[in-house]
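The values are calculated or read from the model by the stated rules, or taken from the named source; none is laboratory data. As the structure is a prediction and not an experimental result, all values here were calculated from the model. All Cβ positions, glycine included, derive from the backbone under ideal geometry; neighbour counts span all protein chains shown.
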Amino acid sequence: MSMKIFDIAGSALSAQSVRLNTVASNLANADSVSGDPNAVYKARMPVFQAIADAQNPAGSGVQVRGVVESQAEAQKRYEPGNPLSDKDGYVYAPNVNIVEEMVNMISASRSYQSSVEVMNTAKDMAMRTLNLGK
Amino acid sequence: MATDPLFGIHADALQLQRRRMELLAANIANADTPGYKARDLDFQKLLAAAQQPAATAAGVTQPGHMSLDDASLKSATVYRVSMQPSVDGNTVDAQVEQSQFAQSALQYQASLSFIDGRLRSLITAITGQ
């Protein structure tokens, strides 16, 4: 059993954990309000891309090409009592959609589990191959 | 695909299953990559290529041998027909990939058992007990 499967599954694990990290960051900052709509936190999301491998076109891992910020508008809330509010009494909350983030989290953890299973199976088979004839 | 006198086709079967599992692992790894197309090995094509009498590629020393080279693997790598196409162009269906991976792993272990049996009989013959 070559190490290729471990490389591929490992790339998926790190990509999914980046995704989980962005979800955690988005959820943690869901209520970080600001008085300036441009300075407020913006939801982040990773962009996945298959790793093109000229050596072996068959199997390719996955990589995070970058983390992009959502371009959705910040939520405007009327909170005149908030010390951060602007002169009209509004504060701006991040454009984080809690429901979307939760779905993202579940999807990421399921994909992570799948890759862990792939790794476990590959490991078992490697061990069996090593123990041939014993 | 050299027919080894001791291990038969099983050594090559292991190779094939390993390559297939690499491909399926790549599919599972890219389950969330936009635009990724799931791929798999077409066994029929591989078998047809292996049975070609003109298999005189490098490494084939006898006409009866079959070769499992990169070129035939590449030509037998096909895109999977998606059951549930998604908006982002990804055609990976995690359930399909996982079941195929399990099947491939099982076939790998079957070949391993055959090889193991051959090895055991060889050890019995050598030790004479």
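Quick rundown of the values:
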{"item": "Residue list for region B:76-106, filter: touching a Lys or Arg at 6+ places or on another chain (Cβ under 9 Å), of a type outside the set (A, V, I, L, M, F, W, C) and part of a helix (DSSP H, G or I)", "result": "B:Glu97, B:Gln100, B:Ser104"}
{"item": "Residue within region A:47-62 that is under 30 Å from A:Ser32 (Cα atoms), without any contact (Cβ under 8 Å) to a residue 40 or more places away in the chain and touching a helix residue (DSSP H, G or I) at 6+ places or on another chain (Cβ under 8 Å) present", "result": "yes"}
{"item": "Index of the failed condition, B:Lys45 passing every other in (1) of a type outside the set (A, V, I, L, M); (2) out of contact with any helix residue (DSSP H, G or I) (no Cβ under 7 Å at 6 or more places or on another chain); (3) more than 22 Å from A:Ser109 (Cα to Cα); (4) at pLDDT below 90", "result": "(2)"}
{"item": "Top-ranked residue of region B:112-129 - restricted to ones that are facing chain A (nearest Cβ under 10 Å) and within 30 Å of A:Ser115 (Cα to Cα), ranked as surrounded by the fewest Cβ atoms within 10 Å (Cβ to Cβ)", "result": "B:Ser113"}
{"item": "Subset of region A:83-134 (residues that are among the β-branched types (Val, Ile, Thr) and surrounded by 12 or more Cβ atoms within 10 Å (Cβ to Cβ))", "result": "A:Val91, A:Val96, A:Val103, A:Val116, A:Val118, A:Thr121, A:Thr129"}
{"item": "Candidates B:Leu41, B:Leu24, filtered to the one that is over 20 Å from B:Gly89 (Cβ atoms) and under 12 Å from the mean Cα position of the chain (by Cα)", "result": "B:Leu41"}
{"item": "A:Val40 surrounded by 13 or more Cβ atoms within 10 Å (Cβ to Cβ), hydrophobic (A, V, I, L, M, F, W, C) and closer than 27 Å to B:Ala29 by Cα", "result": "no"}
{"item": "Per-region count, region A:96-121, residues closer than 30 Å to B:Ala11 by Cβ and facing chain B (nearest Cβ under 7 Å)", "result": "4"}
{"item": "Criterion: in a strand (DSSP E or B), of a type in the set (Val, Ile, Thr) and under 20 Å from the mean Cα position of the chain (by Cα) - qualifying residue of A:Val67, A:Val103", "result": "A:Val67"}
